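First up is the structure itself, then whatever we jot down about it.
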Amino acid sequence: MSVQTYHMLINGAWVDASDGARFDSVNPATGAVWATVPEATSADVDAAVDAAEAALNGEWGAMTPTARGKCLRRLGDLLAAHSEAIGRVETTDTGKMFSETAWQVTYIAEYLHFYAGAADKIHGETLPIDKPDMFVFTDREPIGVVAAVVPWNSQMFLSAVKIGPALAAGNTIVLKASEHASAPLLEFGKLMAEAGIPDGVVNIVTGHVDPCGRALTSHPSVAKIAFTGGPAAARHIVRNSAENFAEVSLELGGKSPFIVFDDANLDSAVNGSVAGIFGATGQSCVAGSRLYLHEDIADAFLEKMVAIAGAIRIGDPQAAETEMGPLCTPGQLEHIEAQVALALEEGGRVLTGGKRADLDGLYYQPTIIDCPRQDMSIVDTELFGPVLAVQRFRTEEEAVALANDTQHGLAAGIFTRDSARSLRMSKRVKAGIVWVNTYRAISPIAAFGGMKSSGYGREAGMQAVYSYTRPKTVWMNLSDDPIANPFKPR
């Protein structure tokens with residue numbers, strides 16, 4: 001395959017970095033360089049933000065909400081029509097399964113359709129004020145220029161849940177693609193003009209944390225930062241926001257508990273756990289990477305799960321017969337190997353997997369580790385790969401304590417046929433998303449986000465739209481009488 005040359009999208013033009021610098025993108029399935037992308041400078045970031053600010057004060061800002069909604073609907077239609085082509089690019093760039101990327105791009109179009117419909121349904125309210133002759137109402141205005149920073153693993157989805165509500169609310173956006181896999185978003189950017197979105201409304205820059213990410217998130221004209229990534233990077237984002245007082249939302253991944261009680265449908269729970277940890281090669285912020293099993297069903301559960309995990313077909317993510325592809329970066333592979341080795345030193349026992357797959361590329365076997373203690377490093381360290389830490393519990397109280405004994409708080413899964421227990425558990429488990437007798441279900445209608453070290457703010461749903469607005473309160477004096485002189489005695 002010839003090496004593809006990509007450019008950044010700034011003010012409707014496809015441009016190189018101002019100093020001509022570029023960096024390579026490597027296909028994780030083969031280890032070969034397949035594309036090059038620009039390495040943005042601070043000047044490039046300035047140009048992108050300036051373009052977004054000009055569009056906000058120009059044609060886009062003058063559009064009616066209904067007209068903005070029509071642009072978003074066309075963008076969703078175009079995305080669905082190009083789902084296979086963009087899916088192929090994403091699979092090449094990230095190693096994600098093509099069956100997943102093509103489906104995900106198609107479904108992401110539904111998010112843009114949802115926000116298209118929401119664009120002209122953002123409204124304020126009138127207030128029954130406690131003062132006579134006053135009419136008081138609120139209006140919701142666009143917050144301004146949005147800086148969106150997304151990782152590589154679900155970049156199309158994580159971009160759509162930022163672009164959709166931001167544009168519906170009338171904002172403009174500068175999107176920083178991941179340095180590990182920028183190409184899919186640049187392909188997405190090619191659809192903006194065709195959708196009727198004016199130049200400068202959506203800008204896409206590529207580069208590393210410094211200078212690109214730092215310059216963007218600290219830029220004085222940025223009013224909101226929407227970041228998805230890890231806690232360490234998020235701390236820098238929050239510090240950067242001190243330079244511009246931008247509002248910040250953070251979605252920071254997790255180490256999600258998957259809790260199975262003794263009355264659960266065993267086959268359903270096993271399949272849910274397999275999907276939760278081995279789907280997307282475990283490279284998901286909501287991966288169910290901590291499995292807590294009631295001790296009465298633990299052995300039977302693990303026998304079924306080990307058999308399924310051992311039969312997963314690993315290989316070329318473009319091939320229809322493949323069930324699990326490679327990891328995206330060498331750093332992930334090295335991190336996983338180190339954590340698995342440490343788990344064995346701490347007394348863990350590998351039930352299946354535990355090493356690299358015998359293939360060229362960044363492949364790691366589906367791995368299940370029986371962990372005798374909660375304080376083992378692997379139990380609360382996000383690996384971002386197909387590695388599952390398993391423990392046992394006896395009581396509901398113990399399950400709650402184990403699930404909540406973590407720095408993270410993004411998602412949780414609960415499998416039980418007892419509806420009262422499922423409601424109790426969903427209230428007591430500290431996570432922003434709780435799935436009961438299912439896992440990894442998403443919808444544009446339902447907000448998601450975390451707590452604790454998994455971040456704050458919510459994406460998707462109508463709540464996300466309002467988070468991209470700034471409320472304004474308007475007071476109107478309806479009386480024809482002059483305002484009283486405050487210095488004249490009454």
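Please work out if Gly409 is touching a Ser or Thr at 6+ places or on another chain (Cβ under 7 Å), within 21 Å of Ser284 (Cα to Cα) and without any contact (Cβ under 8 Å) to a residue 60 or more places away in the chain. Spell out the reasoning first.
Working: touching a Ser or Thr at 6+ places or on another chain (Cβ under 7 Å): yes; within 21 Å of Ser284 (Cα to Cα): yes; without any contact (Cβ under 8 Å) to a residue 60 or more places away in the chain: no.
So Gly409 fails the test.
With respect to the conditions (1) open to solvent by less than 10 Å² (accessible area, probe 1.4 Å); (2) outside any helix (DSSP H, G or I), His123 lacks only one, and its number is (1).
Can you tell which of Leu351, Leu266, Leu362 is under 30 Å from Leu423 (Cβ atoms) and out of contact with any Gly (no Cβ under 6 Å at 6 or more places or on another chain)? Give the derivation first.
Numbers: Leu351 fails: under 30 Å from Leu423 (Cβ atoms); Leu362 fails: under 30 Å from Leu423 (Cβ atoms).
Answer to the selection: Leu266.
Conditions: (1) farther than 23 Å from Gln463 by Cα; (2) buried (at least 17 other Cβ atoms within 10 Å of the Cβ). Ala62 meets all but one. Number of the miss? That leaves (2) as the condition not met. Can you find, within region 413-425, the residue that is nearest to Ala275 (Cα to Cα) among those that are of a type outside the set (Lys, Arg) and in contact (Cβ under 8 Å) with a residue 60 or more places away in the chain? Of everything passing the filter in region 413-425, Gly413 is nearest to Ala275 (Cα to Cα).
The set of residues from region 428-456 being more than 16 Å from the chain's Cα centre (by Cα) and either over 30 Å from Ser159 (Cα atoms) or among the aliphatic types (A, V, I, L, M) (or both) comprises Arg428, Val429, Val434, Val436.
Close contacts from region 46-66, counting a first residue that is under 13 Å from Asp199 (Cα atoms) and a second that is open to solvent by 40 Å² or more (accessible area, probe 1.4 Å) and modelled with pLDDT of 95 or more, with Cβ to Cβ under 6 Å and a gap of 6+ residues or different chains, come to Ala51/Asn11.
Give the residue that is nearest to Gly361 (Cα to Cα), with candidates limited to residues of region 265-309 that are outside any loop (DSSP other than H, G, I, E, B) and open to solvent by 60 Å² or more (accessible area, probe 1.4 Å).
Applying the filter and picking the extreme gives Ile308.
Among the residues making up region 65-106, those that are among the acidic types (Asp, Glu), more than 15 Å from Ala160 (Cβ to Cβ) and open to solvent by 30 Å² or more (accessible area, probe 1.4 Å) are Glu84, Glu100.
Of all residues in region 206-217 being of a type in the set (Val, Ile, Thr) and closer than 18 Å to Ala17 by Cα, which is surrounded by the fewest Cβ atoms within 10 Å (Cβ to Cβ)?
We begin by selecting, within region 206-217, every residue of a type in the set (Val, Ile, Thr); these are 206, 209, 217.
Subsequent filtering for residues that are closer than 18 Å to Ala17 by Cα retains 206, 209.
Numbers: Thr206: 27, Val209: 15.
For region 206-217, the residue satisfying everything is Val209.
Within region 394-408, at least one residue is open to solvent by 40 Å² or more (accessible area, probe 1.4 Å) and of a type in the set (A, V, I, L, M).
Going residue by residue through region 119-130, is there one that turns out to be hydroxyl-bearing (Ser, Thr, Tyr) and under 26 Å from Phe448 (Cα atoms)? Before you say what the answer is, go through the steps one by one.
Restricting attention to region 119-130, the residues satisfying the condition of being hydroxyl-bearing (Ser, Thr, Tyr) are 126.
From what is left, the residues that are under 26 Å from Phe448 (Cα atoms) are none.
No, region 119-130 has no match at all.
Among the listed residues Gln374, Gln365, Gln339, which satisfies the condition of being free of Cβ contacts under 8 Å to residues at least 60 places away in the same chain, surrounded by fewer than 16 Cβ atoms within 10 Å (Cβ to Cβ) and in contact with a helix residue (DSSP H, G or I) (Cβ under 9 Å, 6 or more places away or on another chain)? Criteria check complete, one pass: Gln374.
Scanning region 12-32 for residues that are surrounded by fewer than 14 Cβ atoms within 10 Å (Cβ to Cβ) and either without any contact (Cβ under 8 Å) to a residue 12 or more places away in the chain or among the β-branched types (Val, Ile, Thr) (or both) turns up just one, Gly20. Within region 206-217, being within 16 Å of His7 (Cβ to Cβ) and either part of a loop (DSSP other than H, G, I, E, B) or free of Cβ contacts under 8 Å to residues at least 12 places away in the same chain (or both) holds for one residue alone: Gly207. Filter region 126-157 for residues that are under 20 Å from Ile197 (Cα atoms) and part of a strand (DSSP E or B) and give the result. Those that are under 20 Å from Ile197 (Cα atoms) and part of a strand (DSSP E or B): Glu141, Pro142, Val145, Val146, Ala147, Ala148.
Summed over region 426-454, residues that are open to solvent by less than 70 Å² (accessible area, probe 1.4 Å), in contact (Cβ under 8 Å) with a residue 60 or more places away in the chain and in contact with a helix residue (DSSP H, G or I) (Cβ under 7 Å, 6 or more places away or on another chain) total 5.
Per this entry, Leu185 is counted among residues that are in contact with a strand residue (DSSP E or B) (Cβ under 6 Å, 6 or more places away or on another chain), open to solvent by less than 10 Å² (accessible area, probe 1.4 Å) and assigned to a helix (DSSP H, G or I). Which of the residues spanning region 237-264 are hydrophobic (A, V, I, L, M, F, W, C) and either open to solvent by 40 Å² or more (accessible area, probe 1.4 Å) or under 21 Å from the mean Cα position of the chain (by Cα) (or both)? Once the filter is applied, which keeps residues that are hydrophobic (A, V, I, L, M, F, W, C) and either open to solvent by 40 Å² or more (accessible area, probe 1.4 Å) or under 21 Å from the mean Cα position of the chain (by Cα) (or both), region 237-264 yields Ile237, Val238, Ala242, Phe245, Ala246, Val248, Leu250, Leu252, Phe258. Cβ-Cβ contacts under 6 Å between residues 6 or more apart (or on different chains), taken from a first residue in region 147-176 that is open to solvent by 10 Å² or more (accessible area, probe 1.4 Å) to a second residue that is hydroxyl-bearing (Ser, Thr, Tyr), are listed as Pro151/Ser178; Pro151/Thr228; Trp152/Thr94; Trp152/Ser178. Scanning region 369-389 for residues that are among the aliphatic types (A, V, I, L, M) and more than 25 Å from Gly229 (Cα to Cα) turns up just one, Ile369.
To keep it simple, each residue is scored yes or no on (1) closer than 15 Å to Val145 by Cα; (2) outside any helix (DSSP H, G or I); (3) open to solvent by less than 30 Å² (accessible area, probe 1.4 Å).
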{"site": "Leu191", "(1), (2), (3)": "no, yes, yes"}
{"site": "Ala195", "(1), (2), (3)": "no, yes, yes"}
{"site": "Ile204", "(1), (2), (3)": "yes, yes, yes"}
{"site": "His219", "(1), (2), (3)": "yes, yes, yes"}
{"site": "Ala223", "(1), (2), (3)": "yes, yes, yes"}
{"site": "Ala232", "(1), (2), (3)": "no, no, no"}
{"site": "Arg235", "(1), (2), (3)": "no, no, no"}
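The values are calculated or read from the model by the stated rules, or taken from the named source; none is laboratory data. Everything numeric here is computed off the predicted structure, so don't read it as measured data. As a convention, Cβ positions derive from the backbone with ideal geometry for all residues, glycine included, and neighbour counts pool all protein chains shown. All accessible areas refer to the heavy atoms of the entire protein, side chains included, with ligands and DNA or RNA removed. Shrake-Rupley method; radii C 1.70, N 1.55, O 1.52, S 1.80 Å.
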